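S.K.: To start, I am sharing the structure in question, which I have written as structure tokens.
Since every read-out is calculated from the coordinates, none of them should be taken as a lab result. In this text the structure is predicted, and so the values were computed from the model without any measurement. Cβ coordinates were reconstructed from backbone atoms using ideal geometry, including for glycine residues, and neighbour counts include every protein chain displayed.
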2 protein chains.
Amino acid sequence: MTLPKQSSSSPAVTSEKKQTFRGLESYLADRQKLVDSALDQWLLPSSTVPQRLHEAMRYSVCAGGKRIRPILCLAVAEGLGASGDAVCKAAAALELMHTSSLIHDDLPALDNDDLRRGRPTSHKVFGEAMAIMAGDALIMLSFQWLADLVLMGVPAEQAIETLRILTSAVGNQGMVAGQVLDLQHDQRSIDLETLQQIHRWKTGALLRAAVEIGAVMGGAGTEERQLLARFGDKIGLLFQIVDDILDVVGTAESLGKTPGKDQREQKATYPNLLGLDEARQRAQTAKSEALQLLAELPRPIPRLRELTEYIHHRVN
Amino acid sequence: MTLPKQSSSSPAVTSEKKQTFRGLESYLADRQKLVDSALDQWLLPSSTVPQRLHEAMRYSVCAGGKRIRPILCLAVAEGLGASGDAVCKAAAALELMHTSSLIHDDLPALDNDDLRRGRPTSHKVFGEAMAIMAGDALIMLSFQWLADLVLMGVPAEQAIETLRILTSAVGNQGMVAGQVLDLQHDQRSIDLETLQQIHRWKTGALLRAAVEIGAVMGGAGTEERQLLARFGDKIGLLFQIVDDILDVVGTAESLGKTPGKDQREQKATYPNLLGLDEARQRAQTAKSEALQLLAELPRPIPRLRELTEYIHHRVN
């Protein structure tokens, strides 16, 4: 899943819209830098970590990427008035977890990918054993960063909530379940219901967790948190449909990757299963529902509205 | 690492000692049953977990084993006056983590073991991809059980402490670091210092965590917790030395496995590196230091004293 880049060649974007998104794009770039630098700083070498393991962990974590999950978390927390190192650490923990899943998914026994973000995958550089161990260590470190929030002054009740959210999002009823479901199905025979369940688990659950952890770090009330969690589901769905559509209609330049790959590989995607028009319609519905949930928030978070519009505008 | 079985043929055990250990052995058997049944009950199939993933997780968790880590945790908590479902769940979480490490260590890219506890290893039965995913899911579930302690009435401060202990024991400065160090060294060229570091990380850290989580669940004060943590280190060391010695002097009947395997494989062990006499001496020292720490406890925990004597008596 990639965050679509703003492209000046997109005919559907009016100059007024572009103006609007410029502020958001600058925010996204700024927060991406913040997350990159936090990860870089908190993953320093230590005499108590075997050096090669440390290198393997850093290699994948510091390989770039849009940092969508941490940014979502930050945007929510900031929208509720919270910022600072603890919020940033919680956000960065999400990136560790995401990265661990990429390392393990790329392994020969799973997706057997040689390249990730244009660089050789972890097992290609460090060997399979080290890639498995680096993934394990990143899962553990992700939880460690959340547990250690109490050392940064976060109340234990809040820290434990972030852990409850993340543990339930990634395990056998979340991210790992999604990967297993994906592995178990031949891409050519997946129906819509299965596709949706795979996405909900494999990528949706962690995106929702990012929003919900942001809500907890921002001190959201019960109603706020519930609305934001549901918003997290919708934005996860929107991301996925937009990503699938862009593979069909996008240009290599705007995508940052070769389009049409999903179609050539006969991958189960929204356009492949529903047709392009219906896929667009579903993206529109997901966007509307996401915006509706935001409208119900007792304290508005304009940044999330912008972000939702931004994700959607490329396939509009 | 195996808990040495009591053998009636051991000449060093007086009938008085045997009398003493009978109570302990009945305690161990009882707690093992408790942990087995807790794991069985809490790992029920669910419509929201892919069935095959669930089977893979249960296959390894419910494969028997002495349940040493949970029992250590229970013994400490009970010694401090705590028991019940929450204590049992924290204890059982340790077994999930231990099992995840066995599944991943057995993988072809790591130790490439076909058998574990007399049964085919996870990847032999479920395939490598599923074994990797089952290990990941068990790591996550282990933390989830600790985070969910708050749902069982455990204060958030206590639950977060158990998470801080476990996360720091298993990651890139603990269990995983030990596995990496082990992989990086040719068994025939390991020196004593490296051997000790591998054990401290690979098996010692989780045993210490088991004791320390028991202390937290039992509401230990700062001094109690520190003493018990140090006791955890000593008992981990004792376990390891005894295990190594038994490979040399034990009989198949008393070991439950073929002795002499370490020597044939030229594995780095305490007897191989130090000679049998010096290894025995180190076991004696570890036992004495463990007992000394227990003697300093403000509230004595006789069960831990018995357990320490019990582990040691076979190589006495």
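S.K.: Using 19 Å as the Cα-Cα cut-off, could you pick out the over-long pairs in A:234/A:287; A:124/A:261; A:33/A:287; A:33/A:261?
M.R.: On the way: A:234/A:287 7 Å; A:124/A:261 23 Å; A:33/A:287 27 Å; A:33/A:261 30 Å.
Violating the 19 Å limit, Cα to Cα: A:124/A:261; A:33/A:287; A:33/A:261.
S.K.: Another one. Springs between alpha-carbon atoms under 10 Å, Gaussian network over chain A: tell me which of A:134, A:156, A:283 tops the mean-square fluctuations.
M.R.: It is A:156.
S.K.: Mean Kyte-Doolittle hydropathy of 0.0 or higher plus an axial Cα length of 20 Å or more: which whole DSSP H helices in chain B meet both? Can you show the working numbers first?
M.R.: Working: long enough: B:15-42 (40 Å, -1.02); B:85-106 (31 Å, 0.31); B:128-147 (29 Å, 1.27); B:156-170 (21 Å, 0.60); B:222-249 (40 Å, 0.36); B:276-295 (28 Å, -0.56).
The qualifying helices are B:85-106, B:128-147, B:156-170, B:222-249.
S.K.: Same structure, new question: Partner chain Cβ atoms within 10 Å, averaged over the residues of A:54-63 - can you pull that number for me?
M.R.: Numbers: counts 3, 0, 2, 3, 0, 0, 0, 0, 0, 0.
Average neighbour count from other chains, rounded to a whole number: 1.
S.K.: If you don't mind, another one. How far apart, in nanometres, would the label points at residue A:37 and residue A:194 be if each is projected 7 angstrom from Cα along the Cα-to-Cβ direction?
M.R.: Simple spin-label model gives 4.7 nm for this pair.
S.K.: Amide H to amide H, which residues 5 or more places from residue A:116 or on other chains are under 5 Å from it, using H placed in the peptide plane?
M.R.: A:121
S.K.: Ok, one more. Show log10 I(q)/I(0) for chain B at q = 0.07, 0.13, 0.15 Å⁻¹, two decimals, from a solvent-free Debye sum over equal Cα scatterers.
M.R.: Log-scaled intensity ratios, in q order: -0.26, -0.97, -1.32.
S.K.: To the nearest 0.05, what FRET efficiency results for residue B:114 and residue B:226 with a Förster distance of 51 Å applied to their C-beta separation?
M.R.: Working: r = 42 Å, r/R0 = 0.83.
Result of the calculation: an efficiency of 0.75.
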